Amino acid sequence: MGFLLMFDLCNEQSFINIQSWLSQLQTYSYCESPDIVLCGNKSDLTEARVVDSRSAAELADSYGSVFYACCEILYTPCIFILKCGIVLVL
């Protein structure tokens, strides 16, 4: 089972909420170790950004997840192959 959690890199509360969602997913998901991808949106807004990539990557790593920064304007597809075999294209 896999999950994609998106948060706003320009909103500290959005990043704080992600931590709660990660804990809830690990507690209530239907499998012991769900695949989780953290995706920080608005990476192009560098002046407004309040969450740095290092903090997000460290959080993802602490949950056995991965972190990707993305932007709707500079769209580059990302392909994830989850442990369950599902291919996710963003």
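The values are calculated or read from the model by the stated rules, or taken from the named source; none is laboratory data. A quick note: this is a predicted structure, and the numbers were derived from the prediction, not measured. Here Cβ is always computed from backbone atoms with ideal geometry, including for glycine, and neighbour counts include all displayed protein chains.
Exactly one residue among Gln19, Gln26 is in contact with a Pro (Cβ under 8 Å, 6 or more places away or on another chain), closer than 15 Å to Leu5 by Cα and not β-branched (Val, Ile, Thr), and that residue is Gln26. Would you confirm whether any residue within the stretch 27-50 is exposed (fewer than 11 other Cβ atoms within 10 Å of the Cβ) and not in a loop (DSSP other than H, G, I, E, B)? Yes. No other residue among Gln24, Gln19 is at pLDDT below 90, assigned to a helix (DSSP H, G or I), over 13 Å from the mean Cα position of the chain (by Cα) and over 18 Å from Cys71 (Cα atoms) apart from Gln24.
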